[in-house]
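Everything below concerns the one structure shown next.
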Amino acid sequence: MINHILKNLSLCFTILMLIGCSESKKEILKEATNIAILDSNNDGVINPYEAMDVLFLLQKENNKELTTKDFTRLASAYENEQEEEFSEMFEEFDENKDGKVKLSEVNEDMKGFVEMMDTDSDGSITLQEMMDFDFEDAFLASEEDINIRIEELFNEYGGDDTISLSKVDKDDIDRFSEWDSNHDGDISKKEVYAFMIADNTPISFDVKGNTAFMTGVITAQTPATVLQLLFEYPNVTTIEMITVPGSIDDVANLRASLYVHKFGLITKLNANSSVASGGTDFFLAGKQRIVEKGAKIGVHSWGGGNVAATDVPKDDPVHQKYLDYYEIVGIPAEFYWYTLEAAPANNIHLMTEEEIEIYKVRTERVTKD
């Protein structure tokens, strides 16, 4: 494993070095490869760990060591696959097949995205507008938007500085409880702000000794961030997750999680930790999983566009990547089907102590009164 990693890391640095070489070599590189494939988060910047993550993925999918000729072919195929995926998604929404997706053709959850994609403001989007749209950026709210949301929320509950969980509707109680970081039954603006900032900031690791403290939302950049942690801090044995509310990119999340699992790291939730959705999946990657009493673990169904997971037949291949992942990390398949029923995609269910035991979320019992 380590030898393969070092070979790929060497190739990454070689590619990046060539980019800065003479114009003739640049031209050779341009003809030989399309390095855009190494920019997995499409931010215009390629770092070695990001490139290494892509190379791992390509190697796994092709089940062999990659040659430069393989890389050229795969880079070209990647562009075609990306366009095909967008085309399929677009056709799913384009009900009347007129080459445009109108607001009337999408559900309430998607209307906001269609409005953001509509760069020419004609009330509909084309395939090109969808392909040019930065989905990840759209999911991350600004600090100004977060403050507006908090004010609206607290005004809805009377405008006080705190919201008592006793006043929250039963259907929303688990979602509000995620914000109660000190477990006092009341939610302050400060608590909601801290949670929402974490939910709108890509993950980061604060390393202290042999522990990396993890906070933020999981994005396309997360696999590279995890690889950087693993290589630059080889003394780290434990990832202690503080507030990880979920993931924007489920595929990238599973990939990042498997890096953690393969390196044999411990994952830990302390008494004040809060993880949910993709954050819960990431936690499950630990070879040893520590859950202190009081930690919040949230689960829910997934949804995509006009489709809810519960509407998809159990034998549909779309479920397989999750089932494969849970099998690798030692979580029973029943856990996956349980999450789909536990709460809809726009809500959350906090696991009970009994559920944590049933689905083998904890591998080591550590309690804290």
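What to note about this one:
- Here the extension length gained between GLU355 and VAL45 equals 107.4 nm, from 0.36 nm per residue of separation less the Cα-Cα distance.
- The modelled label-to-label distance for the pair SER121/PHE139, using points 7 Å beyond Cα in the direction of Cβ, is 2.9 nm.
- Part-to-part distance (alpha-carbon centres) for segment 183-242 and segment 46-67, which is given in Å: 25 Å
- Relative contact order, whole percent, for segment 143-197 stands at 38, derived from Cα pairs under 8 Å and 6 or more residues apart.
- Positive-end extreme of charge dipole, segment 143-197 - chosen from ILE197, ILE148, THR162 (charges on Cβ): THR162
- Mean Cβ count within 10 Å, highest first, over the residues of peptides 165-176, 60-71: 165-176, 60-71
- Gained length - ASP186 relative to GLU88, 0.36 nm times residue gap less alpha-carbon distance: 30.7 nm
- Label separation (THR162 vs VAL312): 4.2 nm, computed from points 7 Å beyond Cα along the C-beta direction.
- Theoretical ellipticity at 222 nm over the chain - DSSP helices of four or more residues, -39500 (n - 2.57) apiece, nearest 500: -14500 deg cm²/dmol
- Helical segments meeting 24 Å axial Cα length and Kyte-Doolittle 0.5 threshold in the chain (DSSP H): 2-19
- Straight-distance crosslink candidates among aspartates and glutamates, where the alpha carbon sits under 16 Å from LYS60 and sequence neighbours closer than 8 are dropped: GLU50, ASP70, ASP324
Taken together, the values in this text are just the output of simple stated rules run on the coordinates, not laboratory data. Computed from a predicted model, the values in this text were never measured in an experiment. As a convention, Cβ positions derive from the backbone with ideal geometry for all residues, glycine included, and neighbour counts pool all protein chains shown.
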